[in-house]
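Below is one structure, written out as structure tokens; comments come after it.
Only the coordinates and a few stated rules stand behind these numbers; no lab work does. Note that the structure is a prediction, hence the values are computed from the model and not measured. As a convention, Cβ positions derive from the backbone with ideal geometry for all residues, glycine included, and neighbour counts pool all protein chains shown.
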Amino acid sequence: MESATSGAPRTGFDVLLERAGRARRPFPTRLVGELGRITGPGHVLTRDADLAVYARDSWTVPALRVHHGRPLPVADAVVLPGDTAEVAAVMTLLYENDVPVIPFGGGSGVLGGTLPITGGVIVDVKRLDKVLDINDEGLTATAQAGIIGTDFETALGRAGFTWGHFPQSTDVGTLGGFIVTRSAGQFSTKYGNIEDILLAVEAVLPGGAVIRTKTTARSSTGPDIKSMFVGSEGTLGIVTEATVRIHPRPERRDTRAYEVEDFADGLEIIRRVMRTGLRPAVIRLYDPIESLHSFKERVTQGKCVIVFFYQGLGRLVDLEVEVVEETVAAFRHRKLGSEPGWHWYKRRNVVSGLPEFMTQGLVVDTLEVAATWERIPALYRAMIDRMLAVKGIVSASAHSSHSYSQGTNLYVTFLAFAPDIGTAEALYQSIWDAAMEACLEAGGTIGHHHGIGLHRAKYMPGEHGPALEVLRRLRSALDPKGLMNPGKLFGKVG
Amino acid sequence: MKFDLSTQTHICAICPNMCRFLCPVAAVEKAETVTPRGKATITLAVERGEIAWDAEAASVLYHCAGCKMCREWCPSNVDIPEFTAHLRERAGRDGLIPDPAPGVRDRLMRDRSFRRPAAELAAGLDRYRDLLSPEATVLYFAGCSTATLFPDVIGATLRLFEAAGVKVTMLRPEECCGFPLEALGYREEAADFAAALAESISKGGYETIVSGCPMCTHVMKERYAALGVELRAEVVHVTEFLDRLAGAGNLRGGQGARPGDGTVTYHDPCYLGRHQGVYDEPRRLLTGLGRFNLVEVDPGRELAACCGGAPSIDAVLPRTATGIGVRRLADAARTGAGTLVTACPHCLEMLGSAGDDGGRPVVRDIAEVLARRLGLWPSGGGGRG
Ligand SMILES: Cc1cc2nc3c(=O)[nH]c(=O)nc-3n(C[C@H](O)[C@H](O)[C@H](O)COP(=O)(O)OP(=O)(O)OC[C@H]3O[C@@H](n4cnc5c(N)ncnc54)[C@H](O)[C@@H]3O)c2cc1C
Ligand code: SF4
Ligand code: SF4
């Protein structure tokens, strides 16, 4: 059995399985030559080895396929342009020749957003890696879209700033990727998500036109054009540059952790803290399974850990610590001090457990949803229960890691036992279906920060209903030939 | 974790490429193919016969400096340089080693040395004869890069040994240690050089081999056994040896040097730091014996970026190697120190030539700066280099 979705509507996932392993179509050598003339021949890759590596991002399904030695669809070529003009020339050439274009950043996307399911040319933007401007007075920074998150932050740090946007994949993903997947950083409770941080974009539209939006503190000039690229996942064009908000580096950092009776108490504490208007940089609440997994002997079995991480102006940090202590005091709790928070901070980007589990015959994945406060407790129970009802699942657990005055997210991790690829893919799909259905029924949004990619596209009609038509029309207006990242975001493959 | 190619390639091929930002080759070349995960993916695909094992596939494994940064970072202890070494060796057996490496091999086999014919180098070493004691049990192995490019370093090092009262001798001719061949995948040829050296060592009855070249000490310490060669002598880098002498009170700070006088920065060579774990010795020598004011490069020590100078990359992809060097030089320049000290002739060569001259610190070998600091060099005869 190759797929659990036979009979279901034809989605990107079906197409992936269908096309995997098909012989590569011949790709005109003329086009390879022309791409090489634009970027220099060394920046056009067509070797089997290159195409095999570019056949995936960091989504679990291709990882499973690689692990089990199953094929994946490959692109016809990969091109690495060196600047915006080269991106534009590449886009013009490919559009004129009806070649699908798959933008590629760091390949850290976890939903198959860069998978070349219809063939075509992958446009890797990582050679666009320069920091172009750091504006102290206006507190803005401009960089090219292919810069790796950590490289950008290092450059800002050396100048005395931070951009405050640290997805756990900051060492892998790119500025452009963070924008177009609508990402959230681990410190988002203080600094905001990418849509709050982004001030302007430069992008190359399908066909090759270059546009740039204005950098300003705010404007009232019609629908916000830069925002159309936030979450566009390579379907509306290629982002080549961006201007973002920056902040002076924090004066002080501090952290406190508490053990609370249960997940509901923890959620209520966060809700009350967020209502004060204060914004600790990070608030993480783990359910009992994840508390034990993450903090081991520090926590009593069955209880929940909540970690607050503060940074910024020293006096503000003091105030936040004080207000949180007061809020927590109203609940049964045990103080765990600052060690768990520093432990989290030190290991915050370590994910080695995931590949290690997978090599042991387990399927592991994470999914993130969100809702308003009044819905969260029921949403949590419904998702976990529905996922645990799928035969073959080993565990499902969650934490909350991005909070707002109005609500929070739930980041769910599941583990299932699946020794062979057929079982793995079927089980994977069933668990996701259970989770997404439960989420929609409980009034949650199906994605908090990973975006849609290939895999989640099938749930988009359920998420947006008729409003999805707006996105479809926007897309066909900008990309009448449907060549930009086919199969992603909207699920229909042309 | 014991190295197990199969488990490690699987883990790495499905990791989200978490260490890619530290890989110097990926940082310069940008393509996913050359990231650590990319190399693991190819290794896995090749081992399983999913992609053809041909010159194209083999060439991917040469986009690695062997800098061990990924190994240092990896929470799963995956060792990419071991994958690349494994496949480079296979490429060697199958005649798939890419250009210009075969030319490097041919030259080396002919000249018995990587840089210049061993016989020519031997003639150049004559001037140090007065500083050598043929009966010594300590062998100073200069290494062909030092002998060719930085002969002053040999004189300075010998002067330091002399000042410490240590008798040393040298091999003449001194042939290649085999590192470039081993690193490029020419196992048999490397083993041939290793065996020749091992024989000279046993014949001479040397107990200790000291070299200022981390590639030489690395291959002798860490690779000879896998090449089937046993070296019956302790192998140490010059910094380890001098640090012992200084620690035992046999080498003392020079009269002229005042504490904190003179600011230097130090670049950790990959093959000395991450490969051999030598981080503290050069620092102790600089601040203790040399009484320099040492400002650290960021990043330094375990996460010190590669300079691209190792023949494992420089001999095959010189443009990438120089790109790596330019980045590292910028790290060093940010310290503001006028002098960049390092402890490897390959680093010296790369950092002394990559990038623009403007703003570049003066790049010096550690033995040379110490000998100068102690007033032992260049005065005192023994050759000017
Ligand atoms: C271990 C791990 C942790 C993660 N943690 C977080 C987290 O904390 N928060 C979070 O939000 N996400 C997280 N992610 C998800 C992922 O890192 C993000 O989705 C990230 O934004 C993707 O960036 P990228 O550059 O790697 O994009 P890619 O994976 O290369 O591409 C993602 C999508 O964007 C498109 N694209 C990429 N660059 C451009 C461009 N310049 N112009 C137009 N389209 C483009 C691609 O076509 C694709 O559709 C995590 C992923 C991993 C593996
Ligand atoms: S070396 Fe380790 S951290 Fe780097 S990609 Fe491989 S498994 Fe991941
Ligand atoms: S050893 Fe260095 S160059 Fe090679 S893959 Fe690892 S980090 Fe990259």
Charge dipole of the protein assembly as shown about the Cα centre (unit charges at C-beta), most positive-ward option of A:Met460, B:Ala225, A:Gly176: A:Gly176
First measure r as the distance between the Cβ atoms of B:Arg232 and B:Met109, then evaluate 1/(1 + (r/R0)^6) with R0 = 35 Å and state the FRET efficiency to the nearest 0.05. 0.85
For region A:252-347, build the charge dipole from Cβ charges (+1 Lys, Arg; -1 Asp, Glu) around the Cα centre, then report which of A:Val317, A:Val305, A:Pro288 sits farthest towards its positive end. A:Val317
Magnitude of the Cβ-charge dipole of chain A, K/R +1 and D/E -1, about the Cα centre, nearest 20 debye? 200
Note on region A:397-494: alpha-carbon gyration tensor, axes a ≥ b ≥ c; rule is a/c under 1.5 for rounded, else prolate if a/b larger than b/c, else oblate; result oblate
Amide N proximity, region A:348-368 versus A:Asp385 label position 7 Å along Cα-to-Cβ, cut-off under 18 Å: none
What FRET efficiency do you get for B:Glu222 and B:Arg93 if R0 is 30 Å and r is their Cβ-Cβ distance, rounded to the nearest 0.05? 0.90
To check my understanding: the extent here is largest minus smallest coordinate of the Cα atoms along each principal axis. What are those three numbers for the protein assembly as shown, in Å, largest first? 90, 66, 52
Test of understanding: what is the full-extension gain from A:Thr92 to A:Glu326, defined as 0.36 nm times their sequence separation minus their Cα-Cα distance? 78.3 nm
Which value results when the Cα radius of gyration for chain A is divided by 2.2 N^0.38 Å? 0.97
Label points 7 Å out from Cα along the Cβ direction at A:Trp342 and B:Thr263: separation in nm? 3.0
Consider all pairwise Cα distances in region B:28-107 and report the whole-number % of them above 22 Å. 22
Simple spin-label model, 7 Å along Cα-to-Cβ: B:Arg116 to A:Thr221 in nm? 6.5
Report, to two decimal places, the Cα Rg of region A:60-190 normalised by 2.2 N^0.38 Å (N = number of residues). 1.18
I need to check one value: relative contact order of chain B, counting alpha carbon pairs closer than 8 Å and at least 6 residues apart, in percent. 17
Of the beta bridges DSSP finds with both residues in the protein assembly as shown, what % are antiparallel, to the nearest 5? 65
Mind checking the full-extension length gain between A:Ala209 and A:Glu251? Use 0.36 nm per residue of separation minus the Cα-Cα distance, one decimal, nm. 10.8 nm
Short version: what are the Cα gyration tensor semi-axes of region A:12-126, square root of 5 times each eigenvalue, largest first, in whole Å? 24, 15, 12
To the nearest 20 debye, region A:131-248 has a Cα-centred charge dipole, built from +1 on Lys and Arg Cβ and -1 on Asp and Glu Cβ, of 220
Only Lys, Arg, Asp and Glu count, each charged at its Cβ (+1, +1, -1, -1), so figure out the dipole size of the protein assembly as shown about its Cα centre, rounded to 20 debye. 720
Potential extension, B:Thr137-B:Glu50 segment - 0.36 nm per residue separation minus Cα distance: 26.0 nm
Using a simple spin-label model with points 7 Å from Cα along the Cα→Cβ vector, what separation in nm is obtained for B:Ser202 and B:Val295? 5.2
